[in-house]
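**Q** If you scroll down you'll find the structure; I have some questions about it.
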Amino acid sequence: QVQLVESGGGLVQAGGSLRLSCVVSGSILGLNAIGWYRQAPGKQRDLVVALASTGWINYADFTKGRFTISRDNAKNTVYLQMNNLDPEDTAVYYCNAKLRPSNLEVWGQGTLVTVSS
């Protein structure tokens, strides 16, 4: 069974950067999609970015020019590079995978990102 473990969150000042990691207990090539979501206090969980097995990448508008998803197939790891962070980026960030063939969703436990002004 696929499991996801996030890491890399922490406290940074506005304008700073963080790199989040998601380690997958299985080949990321066996997934329909892998990506990141976030949930700020009192708000719903929203898409940050998703990478489909077709190669299509879907970024949320707030990420444009600041966030980048990447992967290391040999390490079964997906990364989220976040630059020029803003206090509004403060949230718990979750890794998400969609499995083959059922498209069942699997979630990580989340990692907290806090951006100070």
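The values are calculated or read from the model by the stated rules, or taken from the named source; none is laboratory data. Model, not experiment: these values are computed from the prediction. Positions of Cβ are generated from backbone atoms using ideal geometry, with glycine treated the same way; all protein chains shown enter the neighbour counts. Side chains included, ligands, DNA and RNA excluded: accessible areas come from the protein's heavy atoms. Shrake-Rupley method; radii C 1.70, N 1.55, O 1.52, S 1.80 Å.
**Q** With labels modelled as points extended 7 Å from the Cα through the Cβ direction, what inter-label distance (nm, one decimal) is found for Ala40 paired with Thr54?
**A** Inter-label distance under the simple model: 3.1 nm.
**Q** Keeping all protein chains in place, calculate the accessible area per residue for segment 1-62 (probe 1.4 angstrom), answer in Å².
**A** Per-residue accessible area for segment 1-62 comes out at 56 Å².
**Q** Follow-up. Under 20 Å between alpha carbons, and skipping anything fewer than 8 positions from Lys98 in its own chain: which lysines qualify?
**A** Lys75
**Q** Rounded to whole Å and ordered largest first, report the semi-axes of the equivalent ellipsoid of segment 12-58 derived from its Cα gyration tensor (root of 5λ).
**A** 24, 14, 11
**Q** At a 1.4 Å probe radius, carbon and sulfur cover how many percent of the accessible area of the chain?
**A** 50 percent
**Q** Considering only the other residues whose Cβ falls under 15 Å of the Cβ of Ala91, what net charge follows from Lys and Arg at +1 and Asp and Glu at -1?
**A** Result for the local shell: -1.
**Q** A follow-up question, please. Sorted by mean Cβ packing within 10 Å, highest first, what order do the peptides 33-41, 90-98 take?
**A** Ranked by mean Cβ neighbours within 10 Å, highest first: 90-98, 33-41.
**Q** Here's another thing I want to ask about it. If you place +1 on the Cβ of every Lys and Arg and -1 on the Cβ of every Asp and Glu, how big does the dipole about the Cα centre of the chain come out, in debye to the nearest 20?
**A** Taking the Cα centre of the chain as origin, the dipole is about 240 debye.
**Q** Okay, next question. Pick out, from Leu104, Tyr93, Gln81, the residue whose Cα sits farthest towards the positive end of the charge dipole of segment 71-110, with +1 on the Cβ of Lys and Arg and -1 on the Cβ of Asp and Glu.
**A** Leu104
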